[in-house]
Amino acid sequence: MSKKNTHPSVKTELAELADRHLLYQQSVQDVESEIGFVEQTWSELRRRPATRLREDFCGTANTSCEWVSRGADHYAIGVDLDPEVLAWGSLHNLAQLTQEQSGRVELLQANVLHARPGLVDIILAMNFSYYLFLKRGELREYFENALDGLVADGILFLDAYGGFEAPMVLTEPRECRDTQGQAFTYIWDQASFNPIDSGMTCHIHFEFPDGSRLDKAFSYHWRLWTLPEIREILYAAGFAKVDIYWEGTDEDSNEGNGIYTPSERGDADPGWVCYIVAQA
Ligand SMILES: C[S@@+](CC[C@H](N)C(=O)[O-])C[C@H]1O[C@@H](n2cnc3c(N)ncnc32)[C@H](O)[C@@H]1O
């Protein structure tokens, strides 16, 4: 026990008790909607069911777990460089599945630029993880490797974000609840942006009701790619058809309605998120 905690008047701060991966899953991810979109889009584009899914940059493999829980013939391969996050995913997420379901998830510690875990129907690279590739050549290499990892009618699903607030230096707090229903604040921090190379540094901080904080729980240095660049590079890598799925607008609230459809025009929103669907 630390000296600090032996003193009766000193309480343990909530930040010290917090688990950054759990908070990330609660505040950033919505794997049900994500896999919902993937299943719906696949069924619109293909006449056969998809079974094998690869989750690149899988982190805690939350999305892989959602995939295998949706079908007895669903298999998932999660690929990530970081052994710590994979171990966390195995201990916390795979452990929530039945033994039969977790037997259909494989976790691979590898670089997505070179990983060759066997052909799959679907590859996901979500939460903008591929923005970590700063050079066009590297991003193309990643897309080429993804294409090589897909069956002949396979599909790569990506998300992307942008809008005129995306390159601004700003912080954006949002109120969230953890798995126990306790409140915490998720803070997205766009700390710096360099217009010359479009490089940006972003952090995720968490703040708790007792005022304690987990500063820089996650940090990213990435490039703010634009949709035309991403599309061009996907085509250059050999994908046959690349569509942007743009979110519709709810007429009453004037906010996004959560329905994404293939589009050639989008609104000049301050901040938007869309899906990119790249068919092999
Ligand atoms: C932003 S997190 C994404 C987590 C998850 N995919 C999601 O949707 O929220 C980025 C993850 O990518 C991993 N990563 C970064 N570069 C990688 C690479 N070249 N190959 C594999 N994983 C990588 C990191 O270890 C980290 O877990």
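The values are calculated or read from the model by the stated rules, or taken from the named source; none is laboratory data. Predicted model only: the values in this text are computed from it and were never measured. All Cβ positions, glycine included, derive from the backbone under ideal geometry; neighbour counts span all protein chains shown. Just the protein is used for accessible areas: all its heavy atoms, side chains included, with ligands, DNA and RNA removed. Shrake-Rupley method; radii C 1.70, N 1.55, O 1.52, S 1.80 Å.
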Mind grabbing the accessible area of L81 for me, 1.4 Å probe, Å², rounded to tens?
110
Rolling a 1.4 angstrom probe over the protein chains, ignoring ligands and nucleic acids, what is the accessible area of S198 in square angstrom, nearest 10?
30
Over the residues of region 64-151, compute the C-alpha Rg and express it relative to 2.2 N^0.38 Å.
1.14
For Q26, what charge total do you get from the other residues with a beta carbon under 12 Å from its beta carbon, if Lys and Arg give +1 and Asp and Glu give -1?
-1
If each part is reduced to its alpha-carbon centroid, region 227-280 and region 171-209 end up apart, in Å, by 24
Over all alpha-carbon pairs in the chain, figure out the percentage whose distance exceeds 31 Å.
30
Please calculate the 1.4 Å probe accessible area of K216, with all protein chains present, and give it to the nearest 10 Å².
120
Quick one: in region 164-223, what % of C-alpha pairs are over 14 Å apart?
58
Chymotrypsin sites (Phe, Trp or Tyr not before Pro) restricted to DSSP loop in region 80-171 with at most 15 other C-beta within 10 Å:
F164
Across every pair of different alpha-carbon atoms, what Kirkwood hydrodynamic radius in Å does region 132-280 reach?
17.5
How many angstrom lie between the C-alpha centres of region 87-104 and region 210-226?
27
Highest first, please rank the peptides 170-180, 48-58, 268-278, 70-80 by the mean number of other Cβ atoms sitting within 10 Å of their residues.
48-58, 70-80, 268-278, 170-180
